[in-house]
Amino acid sequence: MSIGLEHYLVLSAVLFAIGLYGALSKRNTIAILLCIEIMLNAVNIAMVAFSRYVASEMLTGHVFAIFIMAVAAAEAAVGLAIIIAIYRQRGTVDPTDIDSMKR
Amino acid sequence: MNLELLAPEISLAATAVAVILLDLLIQRKGLLAVASVIGLVVSAAFTIVMYGEPSRTIFNNTLAVDNFALFFKLLFLGIAALVILASVDYASKLERFRGEYHALVLLSALGMMLMATAAELITIYVALELASISLYVLAGFLKDPKSSESSLKYLLLGATASAVLLYGMALVFGTTGTTQLGEIGQQVQSLGVQGIIDNPALILGIVLLIAGFGFKIAAVPFQMWVPDVYEGAPTPITAYLSVASKAAGFAVIVRIFSTAFGLPSWLSLDWGIVFAVLAAIGMTVGNISALPQTNIKRMFGYSSIAQAGYLMVGLAAMGVASAGETIGQSTILFFLLSYAVANMGAFIAIIAITDKIDSDLIQDFSGIAKRSPLLALALTVCLVSLIGMPPAAGFMAKFYIFGGAAQNGLLWLVIIAVLNSVISAFYYLRVVKVMWLGEPSSAEKVPSSGALRVALTLTSLGVLGLFIFADPLIKAAESAAKMLGS
């Protein structure tokens, strides 16, 4: 059996689903941030696989993946800074406790 | 290389860096706002010089400099200038990081300008994140528990939406083999009916793109973040989010969907109907949730969900209209212009009032008209415009956008939209009633700073001016929509 585009896409879809489930269900904001990173890396796998199998003469997908990594790092930095600010104010990072505004 | 076509963006980026450096050097921090506004005016001057010239693309077709993009650039620059004027009182309370506050406003405006110009998926993503990450930080700038909470919610949901958007981009890239919007459009057309049906990944990609951008414009069902973020963020930033960030989302959606997925016409009909259904649900949910609100920022959060619904009526018309027809695009442009002016005006008046009464509750606005009649009058004019009653900009905008939809056979949607406008009158007019008929809690006047007065005068005149001079501006919006090149 040779590894083809489908295998990479299934891996990417499974990772994305795991990340999305975690982002919506985790009770720790740091874990939510990690789950978002899993989703972004699922996208990276799909991008690079498509780049290799569909548009192999161009490196668009690879370049896209590098941009995603760079931006994800910036997003994670801001996210962690905000989580630290919240932790200092409240002593918790549980999103169900962070509900000072009424719904 | 045509770097001069990027002059508005380059000068704005330079101003943002200069403002941070200036913050280290000067003692009179008030000058930072002056420097920021000067930078915005310079950038706007570069943009105006380019306006009206034929469409061009630069950097290997990644950026399209056309009238559509220039229209949005001017809109964002104007909104950013109003936000900076409205922040003068707010910023003076900040002990540190005032330079960063102004620089972040400028940088997110830069991101939004690039969003309107970008004609390629990677560029769209990077521009979107530049705008978003700056706004995440700005939402949490006050560092009180509410502000941090709103920032955290915005960041976590925004990042999740970005991931969904990226997955959609990956699928679109995978099925078409390119990230350039015009080339995607050619590929999609060459696939043909059977080709697209055999390619469910492309359809899924389009759906995920709608979901990802739906978050940005606060479309149902991705609107859950709006009330909390709007309530907790500093009020000038709430205004910025509700107007500029929404307009940027619409700019990208209009460009992607008209350039890449505009043809074949059955495909555009399909996404047109998706937007029509989202519009109908969005305005109903937004308006009905706004009715019982007691906090004015929260009420505006829900009302902005409803306004996004009205704007999506334009997107629906864009999808349903026959190819080459630009009625949907031009109505969206004009509606965004009038919504931006009216909503910014309303928020500036709210900033001036809440700053003095020190409360965001609608009941505390009681009798403001007796304490400062001009402030109450300006807020009333803006609220009347948001309802869509004459003599204000909102009336022309709604008339135009709903008319465009009705012409294209979306009469059912127009009926829902008009009924919704009636519902919205209840909560907007309740604020007016409280201000004019309520008893003032004290006789003390509500003085406001010079910057706020200038900003409020400009927006109130804008609201009335857009009603009186609607014709030439609608013509300008139409020509900008026609110049949407690829």
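A compact table of results
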{"quantity": "Residue in the range B:67-85 that is over 26 Å from B:Ile350 (Cβ atoms), open to solvent by 50 Å² or more (accessible area, probe 1.4 Å) and either out of contact with any strand residue (DSSP E or B) (no Cβ under 6 Å at 6 or more places or on another chain) or part of a helix (DSSP H, G or I) (or both) present", "calculated": "no"}
{"quantity": "Matching residues, the range A:41-72, being closer than 21 Å to A:Glu6 by Cβ, open to solvent by 10 Å² or more (accessible area, probe 1.4 Å) and β-branched (Val, Ile, Thr)", "calculated": "A:Ile45, A:Val48, A:Val54, A:Thr60"}
{"quantity": "Residue, farthest from the other protein chains (Cβ to nearest Cβ), within the range A:73-97, restricted to residues that are free of Cβ contacts under 8 Å to residues at least 40 places away in the same chain and surrounded by 14 or more Cβ atoms within 10 Å (Cβ to Cβ)", "calculated": "A:Tyr87"}
{"quantity": "Total residues in the range B:257-281, condition in contact with a Phe, Trp or Tyr (Cβ under 7 Å, 6 or more places away or on another chain) and among the aromatic types (Phe, Trp, Tyr)", "calculated": "3"}
{"quantity": "Residues of the range B:223-249 satisfying the condition of being of a type in the set (Phe, Trp, Tyr) and crowded, with 24+ Cβ neighbours inside 10 Å", "calculated": "B:Tyr230, B:Tyr240"}
{"quantity": "Residue match in the range B:275-288 (condition: at pLDDT below 95, on the phi < 0 side of the Ramachandran plot and in contact with a strand residue (DSSP E or B) (Cβ under 8 Å, 6 or more places away or on another chain))", "calculated": "no"}
{"quantity": "Tally, over the range B:45-54, of residues that are open to solvent by less than 20 Å² (accessible area, probe 1.4 Å) and either farther than 21 Å from B:Val105 by Cα or among the aliphatic types (A, V, I, L, M) (or both)", "calculated": "1"}
{"quantity": "Residue list for the range A:14-37, restricted to those being hydrophobic (A, V, I, L, M, F, W, C) and at the interface with chain B (Cβ under 9 Å from one of its Cβ atoms)", "calculated": "A:Phe16, A:Leu20, A:Ala23, A:Leu24, A:Ile32, A:Leu33, A:Cys35, A:Ile36"}
{"quantity": "Meets criteria (away from every other protein chain (no Cβ under 13 Å) and either touching a residue at least 40 places away in the same chain (Cβ under 8 Å) or open to solvent by less than 10 Å² (accessible area, probe 1.4 Å) (or both)) for B:Leu135", "calculated": "no"}
{"quantity": "Failed item in (1) in a helix (DSSP H, G or I); (2) open to solvent by less than 10 Å² (accessible area, probe 1.4 Å); (3) more than 9 Å from every other protein chain (Cβ to nearest Cβ), with B:Ala218 passing the rest", "calculated": "(1)"}
{"quantity": "Hits in the range B:326-384 - residues which are in contact with a Lys or Arg (Cβ under 8 Å, 6 or more places away or on another chain), in a loop (DSSP other than H, G, I, E, B) and either open to solvent by less than 10 Å² (accessible area, probe 1.4 Å) or not β-branched (Val, Ile, Thr) (or both)", "calculated": "B:Asp360, B:Ser372"}
{"quantity": "Inter-residue pairs, beta-carbon under 9 Å, first more than 7 Å from chain A (Cβ to nearest Cβ) and under 20 Å from B:Ala127 (Cβ atoms) and in the range B:162-177, second open to solvent by 10 Å² or more (accessible area, probe 1.4 Å) and aromatic (Phe, Trp, Tyr), 6+ apart", "calculated": "B:Ser162/B:Phe215; B:Val164/A:Phe16; B:Val164/B:Phe215; B:Leu165/B:Phe215"}
{"quantity": "Verdict on A:Leu20 being aliphatic (A, V, I, L, M) and modelled with pLDDT under 90", "calculated": "no"}
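The values are calculated or read from the model by the stated rules, or taken from the named source; none is laboratory data. Keep in mind that this is a model prediction, so the values were computed, not measured. All Cβ positions, even for glycine, are placed from backbone atoms using ideal geometry, and neighbour counts span all protein chains on display. For the accessible areas, the whole protein counts, side chains as well, though only heavy atoms, and no ligand, DNA or RNA atoms are used. Shrake-Rupley method; radii C 1.70, N 1.55, O 1.52, S 1.80 Å.
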